[in-house]
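Trainee: Dropping the structure in here first, questions after.
Nothing in this text is a laboratory measurement; each read-out follows from the coordinates by a stated rule. Remember, it's a predicted structure, so these values are computed and weren't measured experimentally. Cβ placement follows ideal geometry from the backbone for every residue including glycine, while neighbour counts extend to all protein chains displayed.
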Amino acid sequence: MSYDSSEDGFDREIEKLGIRIKDMDQLKVREDVFDEITLLSLYKLVHRKWITAIGGSISTGKEANVFFGERGEQDLAIKIYRIRTANFNTMSEYIIGDRRFSGIRKNRKDIVFTWTKKEFSNLMRAHEAGLPVPLPLVWDRNILIMEFIGEDERSFPQIRSVHLDDPAGVYEKVLSYIGILYKKAGLVHADLSEFNILYGDQPYIIDMGQSVTLDHPRAHIFLMRDIININRFFKNKCDVRNSDTIFTEITGITRPASTTGDT
Ligand SMILES: Nc1ncnc2c1ncn2[C@@H]1O[C@H](COP(=O)(O)OP(=O)(O)O)[C@@H](O)[C@H]1O
Ligand SMILES: [Mg+2]
């Protein structure tokens, strides 16, 4: 597909999608996000009725942009991984070594598509293990559509900016989620921190593109790092437990020195 990338041209492209655009300014030519592949992919998702409206931008992160969306009455989060500015090397490290995705080719586009698919399957596994994560609905190329975690079109805040009435209770809950993720879903989050936990009626775990299966050679290093991050966040809010003890409780492994990763 080729498209006219002037602002007018972009508007026409979006119009052709046949959806109601809630905040056109947010979607105006952003070459880095809405390249041809992304538009084509959006096109397809709209055509297949996975998206009926695209709203404003929720977040512009290092690797991805997140937009509010709707599918009829259902609110959506639309996460779009940028192809041009993807951190190829970091992504490769988390993909190579995860047997589910080891067969992929190694160009930038393929890495980003695999990353998107990987986040979809990680969220699905976590969901099936009973964890509060956004339910992933569909992915296409570099776009992931998932359940919206928030209310009145506003995401729940990251836990770092919430006052917690019962920090000790929330701490234990988050640790139990790390344990369930490991034992039931067979995954390590690998980027768990106060940035990737949203807090509304309860904590929700998000952002699982980098999560790996337990056979990844660095899975235990990532797990230890997650535990240390959570302890660091909670330590001035409530008593925290020793990170080695937590690691052993979750894995059944007495932590050998080689898994520290925090040195
Ligand atoms: N399912 C969702 N529902 C509501 N808001 C979301 C959802 N997913 C992401 N967000 C919002 O977008 C931000 C970035 O999402 P995240 O998945 O952490 O991407 P990044 O890789 O850029 O860190 C989150 O902090 C949150 O504000
Ligand atoms: Mg994040």
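Trainee: Applying a 10 Å radius around every beta-carbon, put 92-101, 159-168, 191-200 in order of their mean neighbour count, most first.
Mentor: So the peptides 92-101, 159-168, 191-200, ranked by packing, come out 191-200, 92-101, 159-168.
Trainee: If you average the alpha carbon positions of the range 134-168 and of the range 189-231, how far apart do those two centres end up, in angstrom?
Mentor: The two parts, judged by their Cα centres, are 15 Å apart.
Trainee: Are any of the pairs 118/184; 183/237; 49/117; 49/109; 183/235; 79/118 more than 23 Å apart by Cα-Cα distance, and if so, which?
Mentor: Cα-Cα > 23 Å for 183/237; 49/109; 183/235; rest within.
Trainee: Computed from the mean reciprocal separation of all distinct C-alpha pairs, what Kirkwood hydrodynamic radius does the range 28-123 have, in Å?
Mentor: Numbers: mean 1/r = 0.0698 Å⁻¹.
The Cα-based Kirkwood calculation yields 14.3 Å.
Trainee: Could you pull out which residues in the range 61-100 have an amide N less than 18 Å from a spot 7 Å beyond the Cα of residue 110, following the Cα-Cβ vector?
Mentor: Only 83-84, 86-100 fall inside the zone, counting backbone N under 18 Å.
Trainee: Using θ = phi - 60° and the Karplus relation 6.51 cos²θ - 1.76 cosθ + 1.60, list the HN-Hα couplings for the range 106-116 in order, rounded to whole Hz, with x at every Gly or Pro.
Mentor: The phi angles translate into 10, 8, 3, 4, 5, 4, 5, 5, 5, 4, 4 Hz.
Trainee: What does the charge count near residue 151 come to, summing +1 for each Lys or Arg and -1 for each Asp or Glu among other residues with Cβ under 10 Å from its Cβ?
Mentor: So the environment of residue 151 carries a net charge of -3.
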